[in-house]
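Here is the structure we will look at.
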Amino acid sequence: MRKSLDLLYTSAAWAGAACVLGICILMMAQAILRLGGGMIRGADDITAWICAAAALLPLAATFKRGELVRMGIFIDRFPDRTARWIELVALAMCAAFSAYMTYSLGNMVYESYVFNDRGQGLLPLPLWIPQTPVAVGSAVLTIALIDEFLRVAAGLVPTYVQQVRDRHAAGDYSGEV
């Protein structure tokens, strides 16, 4: 199960990286075409849709690696037992918010599909297509938050804390926030 979850988080992060690469390729192609008087129809719409996917898809992997801002400076001031409870409450609140966001985004995708909602820019693409990766990224983040909640509830060190400790032990402070 652990390997499957880690593969899910990593795959979503790679999909987010592919989105950033796609944006780069699209922007470069658009710049080159403009030199010759051409353009890519709907490039701005496509870039905006891919940006949204690029923002949400890698969030779970970023969270699990300990590269998101967290309340460690506050939590670390408490004894271990109290800090664990604070961590559990924070994870529960984040998981609840993320689950609600996933539900809302999933509902938006579903309604866009049912009502055949289309983009209003130059590219009248069905909106459920670019909305789906955003909802998927939110769902993967929700899974990661629940995963961490269960880990901390079992008395284990959170993965994001262990990742930061491992980087410090290796002398790599690049992921420090």
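The values are calculated or read from the model by the stated rules, or taken from the named source; none is laboratory data. Just so we're clear, the structure is a prediction, and the values are computed from it rather than from any experiment. Reconstructed Cβ throughout: ideal geometry from the backbone, glycine too, with neighbour counts over all protein chains shown. We work out accessible area using only protein heavy atoms, side chains counted, and drop any ligands, DNA or RNA first. Shrake-Rupley method; radii C 1.70, N 1.55, O 1.52, S 1.80 Å.
Ranked by the mean number of other Cβ atoms within 10 Å of their residues, highest first, the peptides 60-67, 135-142 come out as 135-142, 60-67.
For the chain, the per residue solvent-accessible surface stands at 62 Å², with DNA, RNA and ligands left out and a 1.4 Å probe. The charge dipole of the chain, taken about its Cα centre with unit charges on the Cβ atoms of Lys, Arg (+1), Asp and Glu (-1) only, comes to about 180 debye. Converting phi to 3J(HN,Hα) with the Karplus coefficients 6.51, -1.76 and 1.60 and the offset θ = phi - 60°, the stretch 53-65 yields 5, 5, 6, 8, 4, x, 4, 5, 5, 5, 4, 5, 7 Hz in sequence order, with x at every glycine or proline. By the Kirkwood approach, averaging reciprocal distances over each pair of separate Cα atoms, the chain gets a hydrodynamic radius of 18.3 Å.
Determine, from the Cβ-Cβ distance of LYS3 and HIS168 and an R0 of 22 Å, the FRET efficiency 1/(1 + (r/R0)^6), rounded to the nearest 0.05. The value I calculate is 0.30. Computed from the Kirkwood radius of its Cα pairs, the Stokes-Einstein diffusion coefficient for the stretch 108-159 at 20 °C and 1.002 mPa s stands at 163 µm²/s. When the accessible area of the stretch 1-160 is computed with all protein chains present and a 1.4 Å probe, what percentage of it is carbon and sulfur? With neighbouring chains kept in place, the figure for the stretch 1-160 is 71 percent.
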